[in-house]
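Encoded as structure tokens, the structure appears first; notes follow it.
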Amino acid sequence: MPIILQDVYYTYQKGTPNEADALKGINLEIAEGEFLGIIGHTGSGKSTLVQHLNGLVLPTSGTVQVDEVITTDKKIKMKDIRQKVGLVFQYPEHQLFEETVEKDVGYGPDNLGFSEQEIKKIVKEALLAVQLDYKAIKDKSPFNLSGGQKRRVAIAGIIAMKPKYLVLDEPTAGLDPRGREEILKQIQKLHKELGITIILVSHSMDDVARVADRLVVMHQGKIEMSGKPQEVFTKRDRLNEIGLGVPAVTELFYRLSEKGLPVSKDIFTVEEAIAALKRELPKGVGTRA
């Protein structure tokens with residue numbers, strides 16, 4: 001079943017002089033098994049939007065439905081929704097708090113009442129899912145790991161809850177290029193191999209162009225546009241107007257085209273760029289005589 005948001009509004013500090021609308025009439029359906037990218041500049045409402053998906057924030061009006069359950073229904077147990085929809089915050093390593101990696105990843109299953117033997121098995125599986133060796137890392141302090149490893153341990157802690165949907169809010173923020181690459185590969189692996197529905201929040205056009213099946217663009221609390229990356233990134237002028245732009249390689253190909261070179265403008269990844277240059281540029285262009 002999908003996650004469905006119908007006419008969702010959210011107002012901060014309602015009824016006070018600081019009242020502000022963060023979300024304005026959001027209508028969105030997230031299909032099971034989808035890899036959705038949500039992009040927008042700071043203050044666009046993207047983080048507020050995803051916090052509605054697991055009931056961390058409830059709508060001022062409108063409804064959020066997760067597998068036929070309405071998050072504002074007073075009869076439901078919120079922990080049941082949060083087990084289905086795992087939310088990894090920006091800088092998730094700040095959520096690490098236990099003395100060992102094993103205890104940290106196993107914290108959620110322990111609270112759910114699993115036995116010690118079951119928890120050990122779950123922790124092994126969760127660490128394996130993010131390509132961390134259980135024996136090598138289980139007794140280490142999570143605070144002594146590299147930035148990329150900390151990020152993966154934090155994600156493993158959410159995976160240990162066996163969510164159906166995984167929401168990641170700026171998961172590559174603050175990482176060096178190698179760390180960013182590691183995290184994106186792990187997220188793709190979780191989607192492909194475990195079949196987890198991924199909702200990735202990012203301000204990086206390059207990241208979402210590589211991994212997302214569909215994009216939602218947020219602007220001033222509303223959905224500005226939605227569609228496949230190929231559809232969204234053709235709206236270069238509008239994306240520039242709202243402070244987002246397009247992937248760096250897409251911008252390069254636009255400028256090459258403006259210079260008169262016979263290249264496509266619907267290029268969104270480095271791999272596509274290499275193939276296009278080999279295919280489209282006249283023989284000898286860009287090579288030495």
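Pairs, please: C-beta under 7 Å, at least 6 apart or cross-chain, first residue under 21 Å from Glu29 (Cβ atoms) and free of Cβ contacts under 8 Å to residues at least 60 places away in the same chain and in the range 65-87, second part of a loop (DSSP other than H, G, I, E, B) and of a type in the set (A, V, I, L, M)?
Listed pairs, sorted by first residue: Val69/Ile76; Thr71/Leu58; Thr72/Leu58.
Please go through the range 67-121 and pick out each residue that is in contact with a strand residue (DSSP E or B) (Cβ under 7 Å, 6 or more places away or on another chain) and aromatic (Phe, Trp, Tyr).
Across the range 67-121, the qualifying residue is only Phe89.
Under the condition of being among the small types (Gly, Ala, Ser) and touching a residue at least 60 places away in the same chain (Cβ under 8 Å), which residue from the range 149-179 is surrounded by the fewest Cβ atoms within 10 Å (Cβ to Cβ)?
Only one residue fits best here, namely Gly174.
Return the total of residues in the range 188-217 being in a strand (DSSP E or B) and free of Cβ contacts under 8 Å to residues at least 24 places away in the same chain.
0
So which residues in the range 179-200 are under 19 Å from Gly33 (Cβ atoms), over 14 Å from the mean Cα position of the chain (by Cα) and not acidic (Asp, Glu), if there are any at all?
Lys192, Leu194, Gly195
Please go through (1) surrounded by fewer than 18 Cβ atoms within 10 Å (Cβ to Cβ); (2) under 23 Å from the mean Cα position of the chain (by Cα); (3) at pLDDT below 90; (4) part of a helix (DSSP H, G or I) for Leu128 and return the number of the only condition it doesn't satisfy.
Every condition holds for Leu128 apart from (3).
If Asp206 satisfies all but one of (1) over 26 Å from Leu5 (Cβ atoms); (2) within 12 Å of the chain's Cα centre (by Cα), what's the number of the condition it fails?
Every condition holds for Asp206 apart from (2).
So which strands (runs of 3 or more DSSP E) stay within the range 1-120 end to end and still have 3 or more residues that are under 17 Å from Leu168 (Cβ atoms) and modelled with pLDDT under 95?
85-88
Here is a yes/no grid of residues against (1) acidic (Asp, Glu); (2) closer than 27 Å to Ala31 by Cβ; (3) not in a helix (DSSP H, G or I):
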residue: Phe143; (1), (2), (3): no, no, no
residue: Arg152; (1), (2), (3): no, yes, no
residue: Met161; (1), (2), (3): no, yes, yes
residue: Val167; (1), (2), (3): no, yes, yes
residue: Arg178; (1), (2), (3): no, no, no
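Looking at Glu251, Glu182, can you tell me which residue is assigned to a helix (DSSP H, G or I), surrounded by 14 or more Cβ atoms within 10 Å (Cβ to Cβ) and without any contact (Cβ under 8 Å) to a residue 24 or more places away in the chain?
Glu251
Kindly evaluate Leu96 against the criterion of being closer than 30 Å to Lys124 by Cα, aliphatic (A, V, I, L, M) and either touching a Phe, Trp or Tyr at 6+ places or on another chain (Cβ under 8 Å) or touching a residue at least 12 places away in the same chain (Cβ under 8 Å) (or both).
yes
Within the range 218-233, which residues are assigned to a helix (DSSP H, G or I) and touching a residue at least 24 places away in the same chain (Cβ under 8 Å)?
Pro229, Gln230
Quick one: in the range 131-153, which of the residues that are of a type in the set (Gly, Ala, Ser) and at pLDDT 90 or above is farthest from the chain's Cα centre (by Cα)?
Ala136
The values are calculated or read from the model by the stated rules, or taken from the named source; none is laboratory data. The structure displayed is predicted, hence computed values, not measured ones. Quick reminder, even Gly has a Cβ in these numbers, built from the backbone with ideal geometry, and neighbours come from all protein chains shown.
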